[in-house]
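The values are calculated or read from the model by the stated rules, or taken from the named source; none is laboratory data. Being a predicted model, the structure only gives us computed values, none of them experimental. Here Cβ is always computed from backbone atoms with ideal geometry, including for glycine, and neighbour counts include all displayed protein chains. Surface accessibility is based on the protein's heavy atoms, side chains included, excluding ligands, DNA and RNA. Shrake-Rupley method; radii C 1.70, N 1.55, O 1.52, S 1.80 Å.
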Amino acid sequence: MKVRVFFGAAVCLLLVPFFIYPQQSVRGVVKDSTNKPIPSASIVLKTQEGSIASYSITGAKGDYAINIPAGIQTGGLSLEASCLGYKKSSVIIRSFDKPVDFVLQNSSIYLPAAVVKDNRPRLSQKGDTLSYRTADFSSSGDRVIGDVLKKLPGVEVADDGKIRYNGKAISNFYIDGDNLLDDKYNIATRTIPNDAVDKIQIIENDQPVKMLRKNTFSDNVAMNIQIKDDAKLRLMGQVKAGGGLPGKYDEDVNAILLRNKLKAINYVKANNTGDDPSNDLISHNLSDYLKRLDNAKPSPFLSAGSAGTPNLPENRYLFNHAALFNFNDLIKPAKDVQVKAGLYYMYDRISQNYNKYSEIYLPADTIRYSEYQDNSARPDLFHAQFDLTINKDKYYLANTLFADYSPLGMNAGMTTNGIPLRQKLKQQPLDLSNEFNAAKTTPSGKIYGIYSYLNVTRRRENLLISPGINSGLFNERMPYEGLAQHIKMPAFYTNNYFSYKSPLGKILQSYKAGLSWQSQQLKSALTALLTDNNERGSSPDSSVNNLNWERLKLYIEPGYEYLTDKVKISASLPLSFLKIHYLDDLYSLNGKKNGIYFNPSLSIKYQTGVENYITASYSFMNTPGTSEDIYRGNILANYRTLYANNSLLPEKENYTLSLGYNYRKAIKIFFFSLLTSYSKTKYNTISSIMLTDDFQRRVALPFENTAENYMASGSISNYSFKLRTTFSSAISYQLSKSFQLQNDELLPYSTVIAGIKGAVQSKISNSINFSYSSNLQQISSSSPAVTTGGTKMNQLTQNAGLFIAPAPPLVFSVSGEHLFTRQKSRPDLNYLFTDLSAAYKLNKIKADIELGIRNLMNVKDYKAAWLSANTFTSSSYTIPGRMAFLKATFNF
């Protein structure tokens, strides 16, 4: 009920951003030289710069009315009237109070001979930009631009929506050159109609800052979608109302405006059909962004210890009641100036029911856990973001203000190894930040810049477990009611620097000099609840933390780039001085660490041909630990796991090498890529884990050890003109070597993950489309110290879909998903999911009616298996069964 109330209230506000300006209109009549009205004449409204702002068509009496779009400056507007057989006529609008009439003069026309064109798909190349025509790869079954992206040769769209081109993830997603959504581009790919997009462009060596484009090396790949002219002139959107059995609803209202000076994607959606709206909000480049900020934010300490999610699409397993209110607006008040706002709120209520069985293989024993959980979670997400960007040829300014609040509540009833338990988890993280960046270039080409980042976070976490567990560890072997774990962690971080860039022939030298300061405080307490419901604090030397942490970093980062037509070399030589101080009087902990760190990196790109290149890179990273690695008091992460540290501040050294090759033939629509890498990490600490039949205790200890990772992958994609089909395949191999210290045994492990993927996207005809994909993966793990247990697993996932439109208004689709798992000494797992749908298009009212069935085979129980080092896990989930639905979609 609450979801629907929210949904109705938000719909009333949905279109507000489109009407923040008073709207005016122009009317008039178009006649010929004999004073006869001219019907079906085109009336185009143009801005002072000559771009099209709106258009209209005259009626039977030659009359027209054209609205002035919201946000358009009225000064300098002009109207242009044209019709076949008449000369064009244009006039500047002087007044909106009087009609603007046209008299068109006759004109003879010449019609050239018709030419039959080759309608085969083509790719066009201009500089670093490769363009796909959307119409070449779309079909009548596609609804949004994301449906078309999955069919493009050389482009891969992952299950979470992440886009890669020829094996490389895109760094930016532009809409007509504007970055409306940052890296949350699922909002666009799942909302913008595919018939509104003219071209899809891949931009290599993308540099969004104009003043850096001439002489700065960029290895980034971006995607841009070009909107059709007629789509820019109108408000687009959908209203979808759907319901189904048993007791399902699916509702969606969106409004899209993609003009040159005003862009907006605003929508409200709600459902309980298993579609997770948080997928729209994924930040695909978040890890790169956090690495650039150099701000190590602690991960959540507490959890309910659940089994996680199965390897299925969310709509196969999710029991939810969710709503998302999402508003994204961009305005250009002046040339090269953008003001952007992004606001969203997500409400969700999720339930999950599962059985989990785990085996941990040790040299002399096997630890087994068997549990059942019935969880209910209440995640809420609130995000607000405001941007100002001035991006000119001579200077650049950007400021972004963020606010995030994402509380989570969870109740978990469970039984573990026959013991009933209940957990209540509450998390309240608040995150506020502001990022400022400005730069200016001089006539000699030198660039001066300044940067400042501020971040304030507040994290509260509480976990209540009842009845009391492991009384010998937590309550002197006396029975008790339960445990309460409380955590507070306020933090502040700032990073500020000055930068300087100067060209020197073919070399661009750059320098940064700055400082960052991090301040964190960890307050935690683990208390036992006695039978009279009074809390008794555990001994302060084991289960309380009052840690204060400070890190000061002074750094200088020289960088050098060498650019020619064939070779691009980039070297970074950062040198930093770190001063770390941590203090906790409860444990007489007063540690300091001062050190100088040098973390160089080198990347090389060699152009072997116009469309082919080789890449190579090397990096070394020496980093000290964080506040999460130094606290002494025990923290009960969940009902089974207790964490603490008993070592000095850890350090790790990482070496990474990579080599890649990219090849393409745009005229033949052929793409090929290879990548191999090796990394080695040295640690001076190790996590010692003590395992019993009902509990795990982890303590970080000083001990030098290493981890190695080898990776190789390749992909190929080709379009067959004869078969009108895109074929793609990929292969990957990864070997990881590491050490674990369990029950005082040092265990070396090797894990191998090998996989091969293939896909076919076929446009058999304009009315028949077929798709198929498969993913075969083998996971194996071994240790010379462990000879028992299932250490090998094969998994195969297959997806197929068939779309048929026997008559233009009527379309049918059928899709299937097959999952197969083979495990050593265990029964095979074999599942088949099938979906059916039929849709009828009512073209006159721009509406679709769709009737569908999801999970036709009525699968209600699903088992999944995982293998990691010496741990095998098998989970059994209760999932929604067969679901029938009816949807009506109205387009405007």
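Before moving on, here are some points about what is shown:
- A Förster distance of 56 Å, applied to the separation of the beta-carbon atoms of SER51 and ASP693, puts the FRET efficiency at 0.20.
- Across the accessible surface of the chain, with the other protein chains kept in place and a 1.4 Å probe, carbon and sulfur atoms take up 56 percent.
- Shown are ASP585, ASP294, whose ranking by accessible area with a 1.4 Å probe and every protein chain present, most to least, is ASP585, ASP294.
- Straightening the chain between LEU776 and VAL814 buys 11.4 nm, computed as 0.36 nm per residue apart minus the Cα-Cα spacing.
- From the coordinates shown, log10 I(q)/I(0) by the Debye sum over Cα atoms at q = 0.05, 0.06, 0.08 Å⁻¹ corresponds to which of (1) -0.29, -0.42, -0.75; (2) -0.34, -0.50, -0.90; (3) -0.39, -0.55, -0.90: (2)
- Estimated vicinal HN-Hα couplings, Hz - region 795-804 in sequence order (Karplus 6.51, -1.76, 1.60; Gly, Pro = x): 10, 10, 10, 10, 10, 9, x, 10, 10, 10
- Electrostatic tally near LYS240: other residues with Cβ closer than 10 Å to its Cβ, Lys and Arg +1, Asp and Glu -1, net -3.
- Fully extending the segment from SER767 to LEU583, taken as 0.36 nm per residue of separation minus the present Cα-Cα distance, adds 59.3 nm.
- FRET efficiency for ILE507 and THR706, using Cβ-Cβ distance with R0 set to 35 Å, rounded to 0.05: 0.45
- Spin-label model distance (nm) - PHE727 vs GLU550, 7 Å beyond Cα toward Cβ: 6.6
- If you sort TRP866, TRP549 by accessible surface, 1.4 Å probe, largest first, the order is TRP866, TRP549.
- Average accessible area per residue (Å²) across region 335-484 - probe 1.4 Å, nucleic acids and ligands excluded: 47
- Per-pair calculated FRET efficiency, R0 = 56 Å: PHE96 and ASN279 via Cβ, rounded to 0.05: 0.80
- Proximal aspartates and glutamates relative to LYS506, as straight alpha-carbon distance under 19 Å, when same-chain residues fewer than 8 apart are discounted: ASP219, GLU561, ASP565
- Gain on full stretching of the segment that runs from PHE402 to GLU653 - 0.36 nm per residue minus C-alpha separation: 87.1 nm
- Local electrostatic count at ASN328 - Lys and Arg +1, Asp and Glu -1, tallied over other residues with Cβ under 9 Å: +2
- Computed from label points 7 Å out along Cα-Cβ, the spacing between LYS523 and ILE849 is 6.2 nm.
- Rounded to the nearest whole Hz, the Karplus-based 3J(HN,Hα) values (6.51 cos²θ - 1.76 cosθ + 1.60, θ = phi - 60°) of region 43-57 follow the sequence 10, 10, 9, 10, 7, 4, 7, x, 7, 6, 9, 6, 8, 7, 10, with x at glycine and proline.
- Of LYS269/LYS887; LYS184/LYS291; LYS210/LYS263; LYS332/LYS392; LYS168/LYS394; LYS737/LYS824, pairs whose Cα-Cα distance is over 25 Å: LYS168/LYS394
- Where only DSSP H runs of four or more residues are counted, the chain gives -1000 deg cm²/dmol as its mean residue ellipticity at 222 nm, each run worth -39500 (n - 2.57).
- Label-reachable residues, region 246-281, where backbone N falls under 13 Å from a point 7 Å from SER351's Cα toward its Cβ: 247
- With respect to the chain, whose longest principal axis is taken over its alpha-carbon atoms, helix 2-13 is tilted by about 30°.
- Relative contact order of the chain, pairs being alpha-carbon contacts under 8 Å that are 6 or more residues apart, as %: 8
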